[in-house]
Amino acid sequence: MDLIWNPPLHEAYKILLSKTQNSNEENGFDELLAVEECEVPVIDVSRLEESDEVRREECKCEIFKACQEWGLFQVVKHGISNGILRGLRVEQEKIFKQPFEKKSKENTFFNFSSGSYRWGSPNATCIRQLSWSEAFHIPLTDILMPSAGSNTFSWRIQEFGSQVSILAQTLADILAHKMGHKCSFFEENCLASTCYIRLNRYPPCPFPSQVHGLMPHTDTAFLTILHQDQVRGLQMVKDGKWISVKPNPDALFIIIGDLFQAWSNGVYKSVEHRVVTNPKLERFSMAYFFCPSDDTLIESCTEPSLYNKFSFGEYRQQVRDDVHNFGYKIGLPNFLTRTGTTFDAPLQHSNV
């Protein structure tokens, strides 16, 4: 019998799984089968606080290069203590170990906004679009507002949210400066009222070779800052191959999203990534999404532009429409100019 806190993933996916087992339908791992393990760049960002200008600039150059070549890198000595991360991880596990019936009721936890709790892939049309996972997707305003409460979970996540926001702003400003833009764009548009934290849990999966924990996708935000536990699962595409990203409990993973790729005119790469399942172990992670308001205009900072101008609200609506109609997100290819169709990457078939 399934544990009472697990969402009914097996029941929800029974028909799609049965179709795959009784036919020749391809599973979710047939594309880019080769998986290698590789050390992604590790950057000590404490150097940004040093008095030596050469050391500071060296660090900024490493960040710039990683965003161009990888779209994903690790930061260590980032200023968020292991105590904060471990403490929030304990509270995160407590929340997910509540009965599914309780989690799925609106506003059960700490006045989270309606629809914060999510599980599975409700729009999946085939097995490659399934995600064996559950999450709380929480607006930062739900966390930082006075009504969030004074319990242990609330102050743990408030502490994390406040500090990770500072790190995101610092990294975004560096990347803007490296593009020659010493502006206040991110400070003015990416506020506590527009950013999100997502708490993820990946239950053990009895079909690890058939179902993703999180299907291949690119992130929509400017930046994602991710902390994961020590259970392997995160993979990214590099040079046409899937690379397994080794967990590092001392590091935060920085992931470039679609908005930064569009804003930088393709200089920074929104990296495709996924989470694979584990037959025995559950996996936890927490992610912070550095986002602007819906009315913020996203336009390339250099010419000729690869992408048409769009508001963040328009982009999110297009993503929702694509997921509803096709089961996956198309993303930036929807907004390519004629110049972009010549020079940009192939379509990214991925979810939100």
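The values are calculated or read from the model by the stated rules, or taken from the named source; none is laboratory data. Here the structure is a predicted model, which is why all the values come from computation and not from measurement. Here Cβ is always computed from backbone atoms with ideal geometry, including for glycine, and neighbour counts include all displayed protein chains.
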Residue 98: surrounded by 20 or more Cβ atoms within 10 Å (Cβ to Cβ) and either within 30 Å of residue 17 (Cα to Cα) or in contact with a Gly (Cβ under 7 Å, 6 or more places away or on another chain) (or both), yes or no?
-> no
When only residues in the range 68-87 that are assigned to a loop (DSSP other than H, G, I, E, B) and over 20 Å from the mean Cα position of the chain (by Cα) count, which is surrounded by the fewest Cβ atoms within 10 Å (Cβ to Cβ)?
-> 81
Restricting attention to the range 247-267, does a residue exist that is polar (S, T, N, Q) and either closer than 17 Å to residue 140 by Cβ or crowded, with 22+ Cβ neighbours inside 10 Å (or both)?
-> yes
Complete set of residues in the range 159-178 that are of a type in the set (D, E, K, R) and either closer than 14 Å to residue 286 by Cα or touching a strand residue (DSSP E or B) at 6+ places or on another chain (Cβ under 7 Å) (or both) | 159
Matching option when the condition is surrounded by fewer than 16 Cβ atoms within 10 Å (Cβ to Cβ) and either part of a loop (DSSP other than H, G, I, E, B) or within 20 Å of the chain's Cα centre (by Cα) (or both), among 46, 114 = 114
So which pairs qualify, if the first residue must be in the range 208-225 and over 16 Å from residue 286 (Cα atoms) and at pLDDT 95 or above, the second must be among the aromatic types (Phe, Trp, Tyr) and part of a strand (DSSP E or B), the Cβ gap must be under 6 Å, and the two must be at least 6 apart or on different chains?
-> 222/290
